[in-house]
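Have a look at the structure below before the remarks.
No value in this document is a laboratory result; all are computed from the given coordinates. Nothing here was measured: the structure is a model prediction, and the numbers come from that model. Ideal geometry is used to build each Cβ from the backbone, glycine not excepted, and the neighbour counts take in all protein chains shown.
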Amino acid sequence: MRVFVTGATGFVGRAVTAHLLAEGHEPTALLLPREPDPEIEGLRVVRGDITVSASLVGLMNDHEAVIHMAGAVGYGQSWDACNSLNRDGTCNVAKEASRVEARRFVHLSSVSVYGRETKLSLSEEVPVKKIGDPYGDTKIDAEEIVQKLADAGRLDLTILRPTVIYGPDDKKFLPLLVENLRSGRAKIIGTGKNSVDLIHVADVAAFVVKLLGEPATVGRIYNLNNPNNCSWEELLESIASDLGVAAPRGRLPYNLALVMAGLLELISSFTGRPPRLTRYAVRVIGRQYRYAVDKALKAGFQPSVELREGIRRCLKQGGFL
């Protein structure tokens, strides 16, 4: 199948593209005009910008499917960046796909659309909620855009809502965690008994590609998480043991950690140095969420990478061990 891929050179995109090639598909990667060529055998490259609709015209001709992963991610994204990439960029990609009848459309969203709700079991039927977060709120906008086109019969849509994705080449989550553990100042946020909401990039990539050949998944939304993950306390103990440092024993109450993270972000805005703790990280680590993945499991999603082993591999690959 000829598959048009946005975000193909990003952290998740590289894994998806490699899986497409391994499964015999013919991926086309959308790169920015000045972005270096990845020089991957079998990968066709075209140039354009999802924020400039005219630059996309004709690039998806003769493609049967689109996997849309490009967007603003990570700490410190502004409203302008999120609106431009997550909302308007998605609109441009989806409209061009529908125009040229590249109907199969897999859209990578996020569990952030639930608004960090902790009181409910978060199945895909739970209403999304905007909370004033640039990333999560514009992911909701993006979902509404692609869903409107699907409802009009112009796209065969599947939406994926993964939790935090980790894996080889991750430059955000693990390096900062290692730095904090090695500093000796790391603390457990909240009780530490809440389960870890992380999913390995290889498991996400495998499911994304599997969807292309599964007509029954059209019109569906799937949460992606590993339901077998350990607690944050257990994970931090495992990582500390692998690094040969002491496991954190002190605890920060959730609300205090949130205030401290806000202050660190404020200081960061003046110094230009990334904060050691962000409110996003506090919300991810410090509370128990209940993301239901029953539907994804029934559709063939197989979270095969055990969390502590997956993290250990990443530590070795990143040169931390």
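Tabulated results
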quantity	calculated
Checking residue 119 against (1) touching a residue at least 40 places away in the same chain (Cβ under 8 Å); (2) of a type in the set (Lys, Arg); (3) out of contact with any Ser or Thr (no Cβ under 6 Å at 6 or more places or on another chain), the condition it does not meet	(1)
Region 156-193, residues that are polar (S, T, N, Q), closer than 30 Å to residue 123 by Cα and out of contact with any strand residue (DSSP E or B) (no Cβ under 7 Å at 6 or more places or on another chain)	191
Residues of region 109-127 satisfying the condition of being in contact with a helix residue (DSSP H, G or I) (Cβ under 9 Å, 6 or more places away or on another chain) and surrounded by fewer than 20 Cβ atoms within 10 Å (Cβ to Cβ)	115, 116, 120, 123, 124, 126, 127
Scope region 128-141; condition of a type outside the set (D, E, K, R) and loosely packed, with under 15 Cβ neighbours inside 10 Å; matching residues	131, 132
Boolean, residue 17 is farther than 30 Å from residue 283 by Cα, touching a Lys or Arg at 6+ places or on another chain (Cβ under 6 Å) and among the polar types (S, T, N, Q)	no
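Results for (1) hydrophobic (A, V, I, L, M, F, W, C); (2) within 22 Å of residue 289 (Cβ to Cβ), shown as yes or no for each residue.
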position: 179; (1), (2): no, no
position: 183; (1), (2): no, no
position: 188; (1), (2): yes, yes
position: 192; (1), (2): no, yes
position: 199; (1), (2): yes, yes
position: 203; (1), (2): no, yes
position: 212; (1), (2): yes, no
position: 215; (1), (2): no, no
